[in-house]
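Every read-out reported here was derived from the displayed coordinates using simple, explicitly stated rules and does not represent laboratory data. Remember, it's a predicted structure, so these values are computed and weren't measured experimentally. Cβ coordinates were reconstructed from backbone atoms using ideal geometry, including for glycine residues, and neighbour counts include every protein chain displayed.
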Amino acid sequence: MTVMDETRAPVLAAPRPPQQRMSLRQFLRTVRDSSIATFPAEAYEKDIVARKLLWRRTFIVNEPQAIKHILLDNSANYVRADIARRLLEPGLGRGLLTSEGERWRRHRRIMAPSFDHRSILGYAPIMTEIASGLADQWDRLPEAAEVDVAAAMMHATLHIISRAMFSSDSDDIVDTVEYGVAGYQNSVRPGLLDLLGAPDWLARLASPKRGRGFLSDFDKAIDRLLAARGHAGDAQPKDLLARLIAARDEETGGGMTAQEVRDQVVTIFMAGHETTALALTWTWYLLSQHPAAEARLHAELDAVLAGRPARHEDLARLPYARMVIEESMRLYPPAHTISRQAIGDDAVLGHRIPAGSAVLIAPWLLHRKPAIWENPERFDPQRFSPERSAARHRFAYIPFGAGPRICIGMAFAMTEAVLILATIAQRYRLRLKAGHPVEPQGLITLRPRYGMRMQLERRH
Ligand code: HEM
């Protein structure tokens with residue numbers, strides 16, 4: 001049992017960096033299993049680490065000013081790496097995550113209003129309702145029942161994005177997506193050809209079935225829903241799908257084709273539920289290891305909500321709940337690595353970055369860099385007090401990325417995470433099951449390898 005108080009912090013789950021340089025075989029095996037386990041100890045401390053895989057150069061950049069240069073100031077020179085596109089495109093088609101240039105700019109402009117403050121206000125009641133529904137479900141379980149919180153959070157956020165997207169038409173889609181996303185992520189691990197940046201046709205030849213199949217039921221369900229919308233006329237509900245169909249580019253007046261809408265819908269589903277579920281899962285884990293922070297959260301919730309579910313209007317009065325989520329995404333950023341590819345030569349921190357190089361920016365490393373964070377391994381939500389956040393470099397903390405390709409769902413995700421945390425933590429304390437192994441695994445997202453088995457303890 002770990003001792004849990006403010007002076008003796010528990011040891012949190014994280015892979016041990018490799019002690020020696022890995023052979024190519026070891027590296028490939030490890031990167032396919034969990035890419036964060038390939039980061040050497042020096043990558044946590046240094047501003048930039050160059051590595052070479054056969055002839056391909058990769059730079060791990062871990063310094064806020066240099067990250068600003070890549071993601072913002074010179075972002076035109078850094079496209080989303082083709083490895084990311086290769087892993088995602090077979091399933092997602094050409095949505096926001098997988099497109100570049102003018103196509104991306106046009107889609108981003110068209111979609112931005114669907115994620116603005118007013119739209120989020122419209123989705124918040126769904127978030128509260130689903131979170132309360134989950135707690136009601138738990139009420140029907142025996143005392144100290146054990147649940148896989150990772151699966152429960154995934155289910156909840158999937159319900160939320162489904163309802164936000166499709167209103168009431170969505171219920172049958174949830175199981176289909178759950179199966180599809182897990183299978184997809186397990187099946188699309190990077191191979192040597194991807195890591196070397198080999199041409200697409202060669203990579204396709206080597207793994208022709210990549211990712212196929214897992215999402216086909218989901219695709220069919222989406223097509224059915226889209227077709228039904230086509231006939232609904234004025235009876236359209238005001239959901240995210242309706243907004244995407246009706247959205248127009250303010251510069252050109254054009255909208256999106258049916259295929260484009262389909263690709264955005266799949267992208268939003270994939271990008272928009274698992275990440276938030278993981279942020280919450282890691283938060284429950286961290287709270288279970290830090291009773292003082294948990295007690296402080298409970299005190300805030302009891303004072304502000306006094307037993308009722310959290311609503312959007314409460315958010316401003318729940319600063320500690322937000323700080324807990326922020327600190328949790330520092331230690332366990334759901335999008336653990338952001339990858340880019342240089343299209344022209346550049347120079348970063350005195351290194352020449354030749355065109356074609358891969359550039360990795362890993363929130364996993366940046367958020368644990370000792371030069372930025374005191375006692376980086378320690379969970380301390382106070383780091384995110386307004387004063388301390390303001391004192392930090394803006395690019396020192398980037399769970400949602402930064403620059404023009406910053407997560408479009410950031411406000412959606414933060415609202416959702418805080419509302420779910422607040423609503424459930426009011427009613428339940430979650431205890432990590434004794435002996436349950438906790439291990440972060442860096443696939444496309446940062447998952448708990450063995451799920452998160454926890455016992456439910458009713459608070460009142
Ligand atoms: C805690 C939850 C979330 C995290 C940690 C997260 C993280 C990220 C990150 C790091 C990126 C940028 C990747 C890059 O620069 O290469 C991104 C992009 C994106 N995210 Fe999120 N995200 C979250 C929730 C959401 C939600 C709720 C939605 C939609 C409802 C969403 C939709 C997207 C989309 C569409 C993009 C691509 C944006 C573009 O390229 O223009 N995300 N996300």
Here, trypsin sites (Lys or Arg not before Pro) of region 11-120 satisfying both criteria (DSSP loop; at most 13 other Cβ within 10 Å) are 21
Phi-derived 3J(HN,Hα) across region 90-105 with the Karplus relation (6.51, -1.76, 1.60, θ = phi - 60°), rounded Hz, x for Gly and Pro, is x, x, 8, x, 10, x, 4, 5, 10, 10, 9, x, 5, 4, 4, 4
Counting only residues 5 or more apart in sequence or on a different chain, those whose built amide H sits under 5 Å from that of residue 81 are 339, 340, 341
Here the longest stretch of the chain that holds no GluC sites (Glu not before Pro) in a DSSP loop having at most 10 other beta carbon atoms within 10 Å is 1-142
Amide H neighbours of residue 428 at under 5 Å, excluding residues fewer than 5 places away on the same chain, with H built from the backbone geometry, are 459
Given 342-349, 281-288, 366-373, 133-140, the highest-first ranking by average Cβ count within 10 Å works out to 281-288, 366-373, 342-349, 133-140
For the pair residue 55 and residue 450, the simple spin-label estimate (label points 7 Å beyond Cα toward Cβ) gives in nm 4.4
At the level of C-alpha centres, the distance separating region 76-96 and region 114-162, in angstrom, is 29
For residue 385, the residues 5 or more places away or on another chain with a placed amide H closer than 5 Å to its own amide H are none
A correct Karplus calculation of ³J(HN,Hα) over region 24-41, with 6.51 cos²θ - 1.76 cosθ + 1.60, θ = phi - 60°, whole Hz and x for Gly and Pro, returns 4, 5, 4, 4, 4, 5, 5, 5, 6, 7, 6, 5, 5, 7, 8, 5, x, 3
Taking alpha-carbon centroids only, region 397-419 lies from region 251-281 a number of Å equal to 14
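Taking Cα atoms of region 1-104, Rg/Rh with Kirkwood Rh, to two decimals?
Details: Rg = 17.9 Å, Rh = 17.0 Å.
Rg divided by Rh gives 1.06.
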